[in-house]
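Input: a single structure, listed below in C-alpha cells.
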Amino acid sequence: MLYFIIQGIPYQEVDSSYVPWLVLSLLVLAHFLGDFVFQTDYIAKNKDPANTSFGLASYMLFVHSFIHAGLVLLLTASLKLSIIMLVTHFVIDILKVCKVITYFFDQALHFLVILLILLVYIDLITH
C-alpha cells in the first residue's frame with residue numbers, strides 16, 4: 001500500500017489490526033478527491049448527455065472513471081482493483097446521469113464498491 005511504501009515500512013511489520021481501517025479511509029478519501037477535487041467543472045458538466053453530445057458525455061464519463069481507477073491503482077498497486085473501479089464507476093455514473101438512480105444511491109453504490117475493493121485488497125495482501 002502506498003502509505004507503507006512511502007514510509008518504507010514492510011507490510012509484515014505493520015500492526016494488521018488497523019490496516020483495513022487505514023485502507024478504507026484512504027479509498028474513501030481517494031473517492032472524495034476523484035469526485036470533488038480532480039473532476040473539473042468541464043468534466044462534471046459534460047458527463048451529462050443532456051448538456052452535450054452523447055459521444056462527449058461518454059468520453060467525460062470514461063475520463064472521470066479513469067481518474068478514480070488511477071487513484072485506486074496508486075493506493076493498492078493492483079491493476080485488477082483499478083479495473084474493477086474503472087468499470088463499476090463508469091456504469092454507476094451512467095445510471096446516475098441517465099437518471100435511473102439518484103445522487104444518494106449513486107454514492108451508496110460507490111461506497112459498496114469501495115468496500116468490495118477493500119475486501120479484495122486485504123485478501124491480496126494477506127495471501
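Since every read-out is calculated from the coordinates, none of them should be taken as a lab result. Being a predicted model, the structure only gives us computed values, none of them experimental. Cβ atoms come from the backbone with ideal geometry, glycine included; neighbour counts cover every protein chain shown.
For this structure, a couple of remarks:
- Sorted by Cβ neighbour density within 10 Å, fewest at the top, the residues 127, 89: 127, 89
- Using alpha-carbon coordinates, inclination of helix 103-126 to the longest axis of the chain, degrees: 30 degrees
- Candidates 76, 55, 126 compared by Cα position along the dipole of the chain: farthest toward the positive end lies 55, with charges placed on Cβ.
- Dividing the summed helix terms, -39500 (n - 2.57) for each DSSP H run of n ≥ 4, by the number of residues in the chain produces a 222 nm estimate of -24000 deg cm²/dmol to the nearest 500.
- For the chain, with +1 on Lys and Arg beta carbons and -1 on Asp and Glu, the positive-most of 21, 117, 64 along the dipole: 64
- Length gained on full extension, residue 66 to residue 112: 14.7 nm, using 0.36 nm per residue less the C-alpha separation.
- Order by protection proxy (mean Cβ within 10 Å, highest first), peptides 69-78, 113-122: 69-78, 113-122
- In sequence order, the stretch 74-82 has phi-based couplings of 4, 7, 10, 6, 10, 5, 4, 5, 5 Hz under the Karplus curve 6.51 cos²θ - 1.76 cosθ + 1.60, θ = phi - 60°, and Gly or Pro positions carry x.
- Close amide H contacts of residue 52 (hydrogens built in the peptide plane, cut-off under 5 Å, sequence separation of 5 or more or a different chain): none are found.
- Ordering 59, 18 from the fewest to the most neighbouring beta carbons within 10 Å gives 18, 59.
- Remark: 65, 17, 58 ranked as 17, 58, 65, counting other beta-carbon atoms within 10 Å and listing the fewest first.
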